[in-house]
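The values are calculated or read from the model by the stated rules, or taken from the named source; none is laboratory data. All of these numbers come straight from a predicted model, not from anything done at the bench. Here Cβ is always computed from backbone atoms with ideal geometry, including for glycine, and neighbour counts include all displayed protein chains. Just the protein is used for accessible areas: all its heavy atoms, side chains included, with ligands, DNA and RNA removed. Shrake-Rupley method; radii C 1.70, N 1.55, O 1.52, S 1.80 Å.
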Amino acid sequence: CPYVTGASADQNEFIRQHVSEIARVAGVTLAGAGCGGNLIVVLTPEPEVVLRQWWGDSHQLFNTDHGVGGVERFLESNEAIRAWYNACDVSPSWAKSYPDRRDPPCGTGELGSRLVWNSVRAIYSVIVVVDLGRIEMLNVGQVADYVAMIGLAHIRRQPELGKLPTILRLFSESGDARP
């Protein structure tokens, strides 16, 4: 359930609709109207200030199963658009219908082997933060495409892209070369 805030009402709705349409095409089941957001997109000129205040108000905002170092790196990131994936280990059968919960039952998977996966990472919410001061050269369609890509798929930071044409090159290309 995408929720977008921080831009004009028209831009927020365009991004929400665009991300929802991409999710539908990808086969993601979307919740109905009035659902609680589990793909939250925040557009702000001061991402670190907003995130630190938000985290101070709600320490459950970020899954810290692996410590707070990752949270600190996320808060201090200088990326124009960044994503935080709240995820935990669950059994593969549970991951297919993972509940939309604020306090998911993490660690329900079992030890596996190289042949069998008895535990997988299930993403239960994603926070995407857009630094408005760093995306001035982009149009709302490019931002929406990038948000959809990193919000719907767990993308590694600075992945090796080779020569593939992809929206992930949005910040490494310039001018007309931008996807």
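Pairs linking a residue in the stretch 26-46 that is in contact (Cβ under 8 Å) with a residue 12 or more places away in the chain and aliphatic (A, V, I, L, M) to a residue that is open to solvent by 60 Å² or more (accessible area, probe 1.4 Å) and assigned to a strand (DSSP E or B), with Cβ atoms under 6 Å and 6 or more positions apart or on different chains, are I40/Y3. In the stretch 121-152, how many residues are touching a strand residue (DSSP E or B) at 6+ places or on another chain (Cβ under 6 Å), open to solvent by 50 Å² or more (accessible area, probe 1.4 Å) and not in a helix (DSSP H, G or I)? Final tally of qualifying residues: 2.
Scanning the stretch 22-46 for residues that are at pLDDT 95 or above and in a helix (DSSP H, G or I) gives no hits. Of all residues in the stretch 47-89, those that are open to solvent by 30 Å² or more (accessible area, probe 1.4 Å), touching a strand residue (DSSP E or B) at 6+ places or on another chain (Cβ under 7 Å) and more than 20 Å from V143 (Cα to Cα) total 2.
Every test in (1) within 22 Å of L132 (Cα to Cα); (2) touching a Ser or Thr at 6+ places or on another chain (Cβ under 6 Å) is passed by S91 save one, and that test is (1). Only one entry of P179, P159 meets the criterion of being open to solvent by 50 Å² or more (accessible area, probe 1.4 Å), under 26 Å from P47 (Cα atoms), at pLDDT below 70 and out of contact with any Phe, Trp or Tyr (no Cβ under 7 Å at 6 or more places or on another chain), and that entry is P179.
Quickly run through the stretch 15-71 and pick out the residues that are of a type in the set (D, E, K, R) and within 16 Å of V129 (Cβ to Cβ). Within the stretch 15-71, R16, E46, E48, R52, D57 meet the criteria.
Residue by residue, here is whether (1) under 16 Å from D145 (Cβ atoms); (2) crowded, with 17+ Cβ neighbours inside 10 Å; (3) touching a helix residue (DSSP H, G or I) at 6+ places or on another chain (Cβ under 8 Å) holds:
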position	(1), (2), (3)
V4	yes, yes, yes
A7	yes, yes, yes
Q17	yes, no, no
G27	no, no, no
L39	yes, yes, yes
P45	no, no, yes
